[in-house]
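The values are calculated or read from the model by the stated rules, or taken from the named source; none is laboratory data. As the structure is a prediction and not an experimental result, all values here were calculated from the model. Here Cβ is always computed from backbone atoms with ideal geometry, including for glycine, and neighbour counts include all displayed protein chains.
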Amino acid sequence: MEYSPDNTLLEIKNLKMYFPVTQGLFRRKVGDVKAVDDVSFNIKRGDTVGLVGESGCGKTTVGRCILRIYRPTAGKVIFQGQDITNLPLNKVKYLRREIQLIFQDPYGSLDPRQSAGSIVGEAIKIHHLSSNKTEYDEKVKELFALVGLDPEMTNRFPHEFSGGQRQRIGIARALSCSPSFIVCDEPISALDVSIQAQIINLLQDLQKKLGLTYLLIAHDLSLVRHISDTVAVMYLGHIVELTDWKELYENPLMPYTQALLSAVPIPDPSVEKKRERIILQGDVPSPLNPPSGCPFHPRCWMAIPDCSQEVPQLREISPNHMVACIRV
Amino acid sequence: MAPLLQVKNLKVTFDTMAGVVKAVDGVSYHINEEEVVGLVGESGCGKSVSQMAVTQLIATPPGQIVGGEVIFEGQDLLKYGADSGQIRAIRGGKIAMIFQEPMTSLNPVFSIGEQIIETISLHLQLTRQDARQRAIELLEQVGIPDAKARIDNYPHQFSGGMRQRAMIAMALSCHPKLVIADEPTTALDVTTQAQILENMMDMVDVFHSSLVIVTHNLGIVARHAQRIYVMYAGRIVEAGPSENVFKNPLHPYTIALLKSVPRLDEPRGRQLVPIFGLPPNLIDMPPICAFKVRCSWAGECKNETDPELRQVGDNRFVRCHLDIKGESSGIFPR
């Protein structure tokens, strides 16, 4: 798809989300956890953008800032041309009709005391999307059918469903007010291998059918490769590489991306034997006390003294391939 | 040469309100000296329970080992009680375990060092001083920086990856002959996962131990294991050298598993093939093939009996009535 400003659904500009760290009786602020530090990217209508990185890198926080679960410290989130960064709470309610969330844990994210039908239909009631009871019931049943659940099961409770079915309930709930944009936060990582493919296929089908746009937050790089158009790699609150899926997987430039890719095992022993593996040393540094300069330099095998001087900016190396590394 | 560990027809049941769950239903396998074996399957297929039973870590009640033999270095471990001296000498000593959740399997009120030293002094005749020295060396070997100071840390002061490293150090502290790693990296990030596995492989190499990796991640098995067992509904459904199994899977379940996950090196655009349906209820197992309801070949299979695990070639075993060749079923991108 050609880039045009009106094709952009969501723009994130220099987004920062700092969480204060307090200490002592008077909760004196002693520092910040810079969960997201200067992140910018765009999402085009109908695309899937994959956001990958290790736990604690800030990928979920980005998703929550978009949903306005958090109010960002600085920067802008522009959705359909409207700046939603400082939207008052009574307007946020209407925003949530357009932006929805699919959660990771299908066990924790469904109220055990609410029937599946009422979980899915709650948003329809809140937003007054149906005029009477018959229409409401009809809508809920349609949603059940849409995600591949038996519409007769609306009266059952979450514990009566399997993990995969629960995740389908979560997806139906997200779809209930016909959003245009869905943040999928690790949608399959809590599911069994044999179930994962069902949910991935469902997400892809729904995207085709309903013209949805996804932000896919995940740490599984093979999944992200399978369904993303654009991929952003995050490390310690920064985007370190941003490009289309093909370029990222065929020509990763940032050393961290290379290490991430080489860490994913391929289910084929003959391929595995020939692969070169990059094993990173040490752990991810604490975001409370990040290293100076490039956040990755203490673990990077290509680091030079200059790497610890300045935070590298994301720059375009080749068309549409952005990398934050001075060694590239 | 006799294998290091030979499990024959192992059966483990759990008493529940709904009935008796046959978690492990006649599992036989063996591990050779210095061999790395992978055990794959979905959650609830009995892979962990079959491993816990080896050192009798099954909580009784509700669990019970109801049959089989576990022959380790020539003696049947199931002849001894779970609390007997013989088992206690082997458990943690000659057979060590690494568990999935390092936070719940480490004791939060004792320092890391204390817990490693406890294991060492239980199994080796060392003074406390020497045991501590050995614990420091082990922590260094598994890549804990500044091990001399970190040994007195408590589990909460370690990151997830470091805790798992400490678990590996503990497991290998007494030169085990066999290490059973139950989902050792499932709770960890990919880069940490690669680090930990690499480290674990180095360690078993140095100590000449055998290793069983229990996991649901086919990639990990492909990367590290020499031989694999695939489990489904409390039984082994396929076994063989891993190169062979991945190249030519013979059981519909193994084929289905391989088709259901996206691969990093395949051309994009392949439709993933999910495995529909659910594993059977282990309380009330059907008298036919346990995979039949989910099997893509069920239409061709007219045999209404429960298949036996049969040998189909060099070291290859499969529990299926049909002669399916995964090689030609178009799983692979080549």
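A few remarks follow.
- Taking (1) away from every other protein chain (no Cβ under 14 Å); (2) touching a Gly at 6+ places or on another chain (Cβ under 7 Å); (3) buried (at least 19 other Cβ atoms within 10 Å of the Cβ) in turn, A:Gln309 satisfies each apart from (3).
- Residues of the stretch B:143-171 that turn out to be away from every other protein chain (no Cβ under 14 Å), surrounded by fewer than 24 Cβ atoms within 10 Å (Cβ to Cβ), part of a helix (DSSP H, G or I) and not small (Gly, Ala, Ser), as a count: 3
- Residues in the stretch B:303-329 that are within 13 Å of B:Ile255 (Cα to Cα) and in contact with a helix residue (DSSP H, G or I) (Cβ under 7 Å, 6 or more places away or on another chain) were compared, and the one that is modelled with the highest pLDDT is B:Cys320.
- Residue in the stretch A:218-227 that is crowded, with 24+ Cβ neighbours inside 10 Å and of a type in the set (S, T, N, Q) present: no
- Criterion violated by A:Pro265 - all others in (1) assigned to a helix (DSSP H, G or I); (2) within 8 Å of chain B (Cβ to nearest Cβ) satisfied: (1)
- For B:Glu114, the conditions (1) in contact with a helix residue (DSSP H, G or I) (Cβ under 7 Å, 6 or more places away or on another chain); (2) under 20 Å from B:Arg88 (Cβ atoms); (3) not polar (S, T, N, Q) all hold with the exception of (1).
- Residues of the stretch A:144-186 satisfying the condition of being touching a strand residue (DSSP E or B) at 6+ places or on another chain (Cβ under 7 Å) and within 14 Å of chain B (Cβ to nearest Cβ): A:Glu186
- Count - residues of the stretch A:197-215 that are closer than 23 Å to B:Leu258 by Cβ and in contact (Cβ under 8 Å) with a residue 24 or more places away in the chain: 5
- The residue pairs whose first member lies in the stretch B:218-247 and is closer than 24 Å to B:Val190 by Cβ, whose second member is of a type in the set (Ser, Thr, Tyr), and whose beta carbons are closer than 6 Å, counting only pairs six or more residues apart or on different chains, are B:Ala225/B:Ser242; B:Ile228/B:Ser242; B:Val230/B:Thr254.
- Scope the stretch B:44-95; condition touching a Ser or Thr at 6+ places or on another chain (Cβ under 7 Å) and at positive phi; matching residues: B:Gly92
- Scope the stretch A:188-213; condition at pLDDT 90 or above and not in a helix (DSSP H, G or I); matching residues: A:Gly211, A:Leu212, A:Thr213
- Answer from A:Glu247, A:Glu241, A:Glu276 - the residue that is part of a loop (DSSP other than H, G, I, E, B), of a type outside the set (S, T, N, Q) and more than 10 Å from chain B (Cβ to nearest Cβ): A:Glu276
- Within the stretch A:55-84, the set of residues being buried (at least 20 other Cβ atoms within 10 Å of the Cβ), in contact with a helix residue (DSSP H, G or I) (Cβ under 9 Å, 6 or more places away or on another chain) and not aliphatic (A, V, I, L, M) comprises A:Arg68, A:Pro72, A:Phe79.
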